[in-house]
């Protein structure tokens, strides 16, 4: 090599191709969003269109396969269960319970975690020590054990299951918020605000909080999926949703005895749960990549 | 090394004590008066008072707490009112079954996940890679109780290959441990794949290839050794997870382990057994974490006790 090779062309600024591509949601995330939209719609409108009656029995129509025609001419698209209830109505009612429990849990757990994380991260000192130690102890517990313990002690009800799951989940939110608050506290604009005479509350809400939203949102999407699985697991064990409400986990459990003759009772709610949880995971990943392009690697 | 382990062990003891306290708070403080629970709602006030005195419930809560902690530290968790004998004895009796389940699940996860991840790393972006990454996503979303039910339906009821409950002999451990392992096979494969891809770009791999080493030897002799550390870390954590997650799988398969014991106990309000079971699982979980920490320092000379 006697001559110096020409310098390679300067790569175009990332905004031209890579930048915009990175900022766009991938196709699979749109599929996930569509599944989630369908789920929310089913939870909101479904029980109105196909009312679920927990004590109804219709023995002539029990254990009918999906697509079977009932005596009154209507079609049981997902079949009927062991006492003749329409599986579609059960599934729709279960989707509402699932959605309500997941949302209430992340809202309550997220709010508690936000306050605790802000206090621990911003003030530091003994507040941080106490809150972090409590969090350590709780995370040393496998969360499913704590959930079984609290749910078993409180007894089955929708309120109790939300309390149980919020108690087991708040630490995750608190950790995420604490890390952001800790990082933000050291930044110069916070110092400037302090020099200008802003109080703690003003600094917390105007300056620190806006930097915590994004990680909190990402943690929330992940937790929604985990919460739904946890609710279904507890209901499967008979510790979650009371028998007068429908839950996907409880329906799977009820169908166990009819696996040989009516596989759809256990399978339909499990597939619904898997589809929604996968969708939440896909959408959550896409959001995380959007929020932090470096995390893609 | 010694001081590092000592410090970690100290932290583990503090966390374990905290966990026991947490169980005390939930079991003793939340559900109301245990005396009413034992005697029923129609009991006469003087009966309730005498039971409260027998169990020390009339003393202030902090005294009850200290007494309780003292008993727990001596290994005395009280008697199970349902099973008769000591709660801890009943729990330890069931522990080997859970350990066997978790150990086999770990073995299955490694045996399936490691080669799968290596195969994916050889041809990233190809069909096998896509199938594994999709499978790992779906596998983690499928509820384990339903996977267990489906496995029973296919392999026990339809094909009649394997027993579905513990009564069926030694082979009965296979289905529950596969159920336990399945969500994590894809997860481990992803981890191994990413580690192998990262290592595969390094100089020593190119050198090995240049001197004519076969691809299998490159992957399993050179690369595998360098990704062992993160894998060992997660395997330890995985074992802890398996012991905890076994609760649900054991119920599905009526497996006579610690998890089904605990669920039985909690539905029957047999809190002594519940507490013994939770403490046993939590302590083994913490001990596994400690073991992983120690193993990482021992395996990787780059990690010193100071920076670990």
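Of the numbered conditions (1) away from chain A (no Cβ under 14 Å); (2) modelled with pLDDT of 80 or more; (3) over 28 Å from residue B:186 (Cα atoms), residue B:275 fails exactly one; give the number of that condition.
The number of the failed condition is (1).
Return yes or no: is residue B:79 away from every other protein chain (no Cβ under 14 Å), touching a residue at least 12 places away in the same chain (Cβ under 8 Å) and in contact with a strand residue (DSSP E or B) (Cβ under 7 Å, 6 or more places away or on another chain)?
Taking the combined requirement at face value, the residue satisfies it.
Among residues belonging to region B:1-37 that are facing chain A (nearest Cβ under 10 Å), at pLDDT 75 or above and closer than 30 Å to residue B:47 by Cβ, point out the one that is surrounded by the most Cβ atoms within 10 Å (Cβ to Cβ).
B:23
Which residue is farthest from the chain's Cα centre (by Cα), if the candidates are limited to region A:135-153 and must be under 21 Å from residue A:245 (Cα atoms) and more than 7 Å from every other protein chain (Cβ to nearest Cβ)? Walk me through it before giving the result.
Of region A:135-153, the ones under 21 Å from residue A:245 (Cα atoms) are A:147-148, A:150-153.
Subset that is more than 7 Å from every other protein chain (Cβ to nearest Cβ): A:147, A:151.
On the way: A:147: 16, A:151: 19 Å.
Only one residue fits best here, namely A:151.
Looking at region B:206-244, which of its residues are more than 29 Å from residue B:106 (Cα to Cα) and in a helix (DSSP H, G or I)?
The answer is B:206, B:207, B:208, B:209, B:210.
If you scan region A:199-216, which residues turn out to be within 15 Å of residue A:109 (Cα to Cα) and surrounded by fewer than 16 Cβ atoms within 10 Å (Cβ to Cβ)?
The answer is A:213, and nothing else.
With B:205, B:231 as the choices, which residue is more than 30 Å from residue A:142 (Cβ to Cβ) and surrounded by fewer than 20 Cβ atoms within 10 Å (Cβ to Cβ)? Break it down into steps so the answer makes sense when it comes.
Details: B:231 fails: more than 30 Å from residue A:142 (Cβ to Cβ).
Just a single option satisfies the conditions, and that option is B:205.
Can you name the condition, by its number, that residue B:198 falls short on among (1) surrounded by 18 or more Cβ atoms within 10 Å (Cβ to Cβ); (2) modelled with pLDDT under 85?
Checking residue B:198 against (1) surrounded by 18 or more Cβ atoms within 10 Å (Cβ to Cβ); (2) modelled with pLDDT under 85, the one that fails is (1).
I need the full set of residues from region B:139-151 which are part of a helix (DSSP H, G or I), within 8 Å of chain A (Cβ to nearest Cβ) and farther than 13 Å from residue B:251 by Cα, in order please.
Correct list: B:140, B:141, B:150.
This table checks each residue for (1) more than 14 Å from chain B (Cβ to nearest Cβ); (2) in contact with a helix residue (DSSP H, G or I) (Cβ under 7 Å, 6 or more places away or on another chain); (3) at pLDDT below 85.
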{"residue": "A:160", "(1), (2), (3)": "no, yes, no"}
{"residue": "A:168", "(1), (2), (3)": "no, yes, no"}
{"residue": "A:191", "(1), (2), (3)": "yes, no, yes"}
{"residue": "A:200", "(1), (2), (3)": "yes, no, yes"}
{"residue": "A:205", "(1), (2), (3)": "yes, no, yes"}
{"residue": "A:251", "(1), (2), (3)": "no, yes, yes"}
{"residue": "A:255", "(1), (2), (3)": "no, yes, yes"}
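Can you name the number of the only condition in (1) crowded, with 18+ Cβ neighbours inside 10 Å; (2) within 12 Å of another protein chain (Cβ to nearest Cβ) that residue A:223 fails?
Failed condition: (2).
Kindly evaluate residue B:251 against the criterion of being in contact (Cβ under 8 Å) with a residue 12 or more places away in the chain, in contact with a helix residue (DSSP H, G or I) (Cβ under 9 Å, 6 or more places away or on another chain) and at the interface with chain A (Cβ under 10 Å from one of its Cβ atoms).
Against the criterion (in contact (Cβ under 8 Å) with a residue 12 or more places away in the chain, in contact with a helix residue (DSSP H, G or I) (Cβ under 9 Å, 6 or more places away or on another chain) and at the interface with chain A (Cβ under 10 Å from one of its Cβ atoms)), residue B:251 qualifies.
The values are calculated or read from the model by the stated rules, or taken from the named source; none is laboratory data. Here the structure is a predicted model, which is why all the values come from computation and not from measurement. Methodologically, a virtual Cβ is constructed for each residue, glycine included, from the backbone with ideal geometry; neighbour enumeration extends over all protein chains shown.
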